[in-house]
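In what follows, a single structure is set out as structure tokens and then discussed.
Read-outs throughout are calculated quantities, based only on the coordinates presented, and are distinct from any laboratory measurement. In this text the structure is predicted, and so the values were computed from the model without any measurement. Heads up, the Cβs are rebuilt from the backbone with ideal geometry, glycines too, and the neighbour counts pull from every protein chain shown.
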Amino acid sequence: MRGIRTQALQQCLDDGQLPDLDALCSRFEAKPASAMPEVNVQLAPLSDYEALLDMATEVAA
């Protein structure tokens, strides 16, 4: 990306023009995603965690 910006600046200078900073900023700014992806998270029931804790206690004993 840095090389592309350097080339754009160099092209302006080669053309005898001062760089238009606003145009360069808009050209190289990060474009936001149009929509956030939908993420569905299914949580396990708490009883599953209780079972894991019980198993850990049995192993430790």
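For SER47, are the conditions met, namely being among the polar types (S, T, N, Q), out of contact with any Gly (no Cβ under 7 Å at 6 or more places or on another chain) and outside any helix (DSSP H, G or I)? Taking the combined requirement at face value, the residue does not satisfy it.
So that you can scan it fast, the table gives a plain yes or no per residue for (1) loosely packed, with under 10 Cβ neighbours inside 10 Å; (2) among the hydroxyl-bearing types (Ser, Thr, Tyr); (3) not in a helix (DSSP H, G or I):
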site: ALA8; (1), (2), (3): no, no, no
site: LEU18; (1), (2), (3): yes, no, yes
site: ASP22; (1), (2), (3): yes, no, no
site: LYS31; (1), (2), (3): yes, no, yes
site: PRO37; (1), (2), (3): yes, no, yes
site: LEU43; (1), (2), (3): yes, no, yes
site: THR57; (1), (2), (3): yes, yes, no
